[in-house]
Amino acid sequence: MEFSDPAVTQSETLPQVLVARATSTPDALAERHKRLGIWREFTWANVLDKVRALALGLEATGLKAGDSVMMIGENEPEHFWAEYAVQSLGGKVLSVYPDQTAEEILYLAEDSQTRIFLAQDQEQVDKCLEIADKYSGALAIVYWDDSGLWGYDHPLLHSFENVSEAGRQIHTKDPSRFADHVRRGRAEDTALLSYTSGTTGKPKGVVISHRYLFDNCARVMGAVDIAPGTEYLTYISPAWVTEQIFGLSIGLVAPMVVNFPEGPEEVLDNIRELAVDALVFSPRQWENLASIVQARMLGAGKVRKALYNWGMKVGRAVHVERLEGRSPSLAARLQLPFAEALVLHHLRDNLGLGKARNAMSGGALMAPDVFRMFHAMGVKLRNIYGATEIGLLTAHMGESYQLETSGRWMQSNLAYGEPLEHRVSPEDELQVRGGSGFGGYHGKPDKTAEALTEDGWYATGDAVSMTSEGELLFFDRVKDMRRLSSGHSYPPQFIETRLRYSPFIKDLMTLGDESRDFVSALINIDMEVLGRWAEENKISFSTYTDLSQKPEIIDLIKDEVARINALLPEGSRVARFANFPKELDPDEGELTRSRKLRRAFLEERYADLVEAIYGGDDNTDLEIPVTYQDGRQGVLRATVRVSDVENASKAAERQPKT
């Protein structure tokens, strides 16, 4: 997309766009945040005032151009203001997930050479203080929510308000100081360090320039129609580069009105209140929304359930048919207005998706059934795919696209680099070059070199192919494609994404390599959904462990696996499975902070269970180390059942209808 807005074309950095917005349209609405039940609104002039005051206050604490500042907190206006403030001074930002541990934060601080911590609240301040004695590089810990912090006394601690007030006094004495800082910014300056998830080792900080952010804004806005004033919900963490592109960058460049929910627990209520035009969720979050609908239908009465099934059938017969390039039948088109009035309109409104023109899923692969479900409701959910290192690459575009794919290639703006090019290696790996390019890994030239081919292409590590229509078909990570002892190759992620569509399955891990002769799975059941199902079916249980091993629960999961097996070649079907006896937990290293499986760790931790599956055992006794919420260590002892998956011609008959 070629930009024509002078606020963008005459700017090289995000803070320069912010200044231009506040100068040309100072009273236009920029942000909205719900706090203590009240929606507060901020104009561009308000945002600039907050950013300028904080920037000059941070400079007074010792922050210099090139320094790193770590943000630890939920999506709140202060988080965004702080990012713009640091970038105004020529600093670089790293946002981290709010549930990261003190140990993880210490690693990131040392790797990035963090100088200042911006922490949301007492929980995050406690983590920073815990590492203060181990990490000597910090100039300050600045917090923006003082709840519970009144009695804290530490030389590094400063409140957001006090730092900002000092900045306002500096601005009064030297009105041109902030503007001079912003004016010095250049497109090639580092704006962010975006850390990889660390599924195969320690996280690496990808160097993200302002040029990269502008380039990716152009790619997205050329693929998806984002009009000025679009109402956008920010929910995915800024620790993920996708939110840096959407909320923090397109929010300025389009510009959009960025809406901040009251908190993670209230996000569904806030979505319903706002009915935003645009939102980006991870595949897991869309799957959770789909599971909420399915779970509610499990407990619905016969009339409501029949009405829901009819409405969704009509929606599929019209919306999904059109999406997949076919013409809906006359009967379906005649029924659609009634289905809309009685079912589909209410479904969308209850999920807060009534006005969602741009609903997007970014990140890992998601089951096509999830896409079809939302399209049947009338929500035009689109996939967007990319890699942190090289940016967003493909998206579902137009009114018709293939749900099995990750979409068509976006076009980069030539003002920010060469045209995007791609190729597929003999090993089926996607390799990309062009656009704003790959900025490398912070402080790791050896890892940067490993990520590039000899002729300078960035190797994504993704196994893909291209369809005849030019859409990208993602299989799995190259390193995660598995081969059985028979030589049969199968895609674990294909199986996993389709099984996660089940309302009963929260997560799972497929097993099977060259030393094994069949595919198996370890499954993390959804305690909330199955707990409700068990209560409705008068099945008593005490704990997650107890529920996961109930014969009735195992039969439900068995039917779900059999249903997906029917979609797979015989050699790729899951032959045996077991339910994990506990929830998978990032605090115990079983998941990354972005909720990806740490596969090698899980296979080692549950080695006895894996051997029981492949040894033909019906059950095995496990002892698993656990960490309780209060930090105490313990051991979970459980007998875990192993089940064979029947070919189950009757599995579909027993499947609860939703």
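Below, the figures for the structure above:
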item: The stretch 259-278 residues that are basic (Lys, Arg), paired with ones that are part of a loop (DSSP other than H, G, I, E, B) (beta carbon under 8 Å, 6 or more apart); result: ARG272/LEU351; ARG272/GLY352
item: Where a residue in the stretch 535-549 is under 16 Å from ARG641 (Cα atoms) and its partner, wherever it lies, is among the hydrophobic types (A, V, I, L, M, F, W, C) and part of a loop (DSSP other than H, G, I, E, B), with Cβ under 6 Å and at least six apart; result: LEU547/PHE541
item: Failed item in (1) acidic (Asp, Glu); (2) within 32 Å of the chain's Cα centre (by Cα); (3) modelled with pLDDT of 95 or more, with GLU611 passing the rest; result: (2)
item: The stretch 551-581, subset among the hydrophobic types (A, V, I, L, M, F, W, C) and modelled with pLDDT under 90, residue nearest to LEU484 (Cα to Cα); result: LEU568
item: Wholly within the stretch 1-81, strands (runs of 3 or more DSSP E) carrying at least 1 residues that are more than 26 Å from the chain's Cα centre (by Cα); result: 29-35, 38-43
item: Residues of the stretch 522-550 classified as touching a Gly at 6+ places or on another chain (Cβ under 9 Å) and among the aliphatic types (A, V, I, L, M), total; result: 1
item: Selection count where residues are farther than 18 Å from ARG357 by Cβ, among the aliphatic types (A, V, I, L, M) and surrounded by 19 or more Cβ atoms within 10 Å (Cβ to Cβ), scope the stretch 268-284; result: 0
item: Matching residues in the stretch 457-487 - criterion: being at pLDDT 85 or above, of a type outside the set (D, E, K, R) and in a loop (DSSP other than H, G, I, E, B); result: TRP457, GLY470, LEU484, SER485, SER486, GLY487
item: Failed item, numbered, when LEU334 is tested on (1) in a helix (DSSP H, G or I); (2) free of Cβ contacts under 8 Å to residues at least 12 places away in the same chain; (3) within 29 Å of GLY531 (Cα to Cα); result: (3)
item: Subset of the stretch 107-134 (residues that are among the hydrophobic types (A, V, I, L, M, F, W, C) and either at pLDDT below 95 or under 25 Å from TRP150 (Cα atoms) (or both)); result: ILE116, PHE117, LEU118, ALA119, VAL125, CYS128, LEU129, ILE131, ALA132
item: Contacts under 6 angstrom Cβ, first residue in the stretch 319-330 being without any contact (Cβ under 8 Å) to a residue 24 or more places away in the chain, partner surrounded by 14 or more Cβ atoms within 10 Å (Cβ to Cβ) and in a helix (DSSP H, G or I), 6 or more apart; result: PRO328/ALA317; PRO328/VAL318; PRO328/GLU321
item: Residues located in the stretch 275-284, provided they are modelled with pLDDT of 85 or more and either basic (Lys, Arg) or not in a loop (DSSP other than H, G, I, E, B) (or both); result: ALA278, LEU279, VAL280, PHE281, PRO283
item: Residue within the stretch 309-318 that is outside any helix (DSSP H, G or I) and either aliphatic (A, V, I, L, M) or free of Cβ contacts under 8 Å to residues at least 12 places away in the same chain (or both) present; result: no
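The values are calculated or read from the model by the stated rules, or taken from the named source; none is laboratory data. Given the structure is predicted, the values throughout are model-derived calculations rather than measurements. Note that each Cβ is placed from the backbone with ideal geometry, even for glycine, and that neighbours are counted across all protein chains shown.
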